[in-house]
Amino acid sequence: MEQGIDMAPVDAAGPSWLGAGRACGGRPSQQDDLVCLADEATQSRLLVLADGMGGDGAGELASAGVIAVAQRLWREGRWRELPGALFLEQLCQDAHLELRRRGEGLVDAAPHATVVALLLKRRTAYWAHVGDSRLYRFTRDRLLGCTEDHSAVQVRVRRGELTADEAGRAADQHQLLRGLGGPMQPRVDHGCAPGRRSRCAATASGSSCPRRSWPPSPRDAICTLRWARRWRWC
């Protein structure tokens, strides 16, 4: 991890092994935000990471908006009432509407964000993501899988035009095809798996890891695994 890392807010009732961190990297401001929430009575967890963008302070406004929506839905107990995937879908769609609301009246900026969210409920892990913030899943030292970026460079990798290592150096690596806060309603990707005896790590595009590509390069996977060993998400 980089020096000068900030600790993310963790719910007071959360277990001691639950944690997160963030660093600005080479950017002048912190545009990522994240939260870890826990309900010990039901052994449920919600972990959300957002990476903001939009210029003139809109990135910080956007990522904070995503986290505010996650905290509100958690307080309202919507995760108890809804199936895991449906709850995460509502989180992403409500966050999108919140960013649209926050962008009203802004002249030279527009709040946009990527998001990756993980819900641990009844020994099952549910996740959802929009954009290029990622969730990695591990069992011991083996990488089980990773969410696939919604980006132009990922399309080129899928077509065989770029290798995973080349994707990290591509000029269009920051061109996203999906995000929260834009004119179109976001399409959210979902996944689920048994949550026992595995661990997850999430990274945003401003993380301390090298630029991420999927399939992950060896440097990518090693860096993320080291991060996951420090802070387990499940």
If you check Gly191 against the conditions, is it part of a strand (DSSP E or B) and not hydrophobic (A, V, I, L, M, F, W, C)?
yes
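Table: residues versus (1) modelled with pLDDT under 60; (2) of a type in the set (S, T, N, Q); (3) within 19 Å of Leu135 (Cβ to Cβ); (4) in contact with a Lys or Arg (Cβ under 7 Å, 6 or more places away or on another chain).
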position: Trp17; (1), (2), (3), (4): yes, no, yes, yes
position: Gly25; (1), (2), (3), (4): yes, no, no, no
position: Ser29; (1), (2), (3), (4): no, yes, no, no
position: Asp32; (1), (2), (3), (4): no, no, yes, yes
position: Asp39; (1), (2), (3), (4): no, no, no, no
position: Leu49; (1), (2), (3), (4): no, no, yes, no
position: Gly57; (1), (2), (3), (4): no, no, no, no
position: Ser63; (1), (2), (3), (4): no, yes, yes, no
Identify the residue in the range 110-154 that is part of a strand (DSSP E or B) and of a type in the set (S, T, N, Q) and, among all such residues, is modelled with the lowest pLDDT.
Thr139
Answer yes or no as to whether Arg102 is farther than 15 Å from Asp189 by Cβ and modelled with pLDDT of 90 or more.
yes
Please name all residue pairs, on different chains or six or more residues apart, with Cβ atoms under 8 Å, provided the first residue is in the range 172-185 and is under 16 Å from Cys92 (Cβ atoms) and the second residue is among the hydroxyl-bearing types (Ser, Thr, Tyr).
Leu176/Thr114; Leu176/Ser151; Leu177/Ser151; Gly179/Thr114; Leu180/Thr114
With the first residue restricted to the range 155-167 and required to be within 16 Å of Asp132 (Cα to Cα), and the second required to be of a type in the set (Val, Ile, Thr) and in a loop (DSSP other than H, G, I, E, B), Cβ contacts under 9 Å at 6 or more apart or on different chains are Val157/Thr163
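For Arg178, state whether it is crowded, with 23+ Cβ neighbours inside 10 Å and within 15 Å of the chain's Cα centre (by Cα). Let's see the steps before the verdict.
Values: crowded, with 23+ Cβ neighbours inside 10 Å: no; within 15 Å of the chain's Cα centre (by Cα): yes.
Spelling it out, it is not the case that Arg178 is crowded, with 23+ Cβ neighbours inside 10 Å and within 15 Å of the chain's Cα centre (by Cα).
Based on what the data block shows, is Val69 free of Cβ contacts under 8 Å to residues at least 40 places away in the same chain, surrounded by 22 or more Cβ atoms within 10 Å (Cβ to Cβ), farther than 13 Å from Gly191 by Cα and not acidic (Asp, Glu)? Walk me through how you get there before you give the answer.
Details: free of Cβ contacts under 8 Å to residues at least 40 places away in the same chain: yes; surrounded by 22 or more Cβ atoms within 10 Å (Cβ to Cβ): yes; farther than 13 Å from Gly191 by Cα: yes; not acidic (Asp, Glu): yes.
So Val69 fits the description; yes.
The values are calculated or read from the model by the stated rules, or taken from the named source; none is laboratory data. Just so you know, these numbers come straight off a predicted model, no measurement behind them. Glycine also receives a Cβ, built like all others from the backbone with ideal geometry; neighbour counts cover every protein chain displayed.
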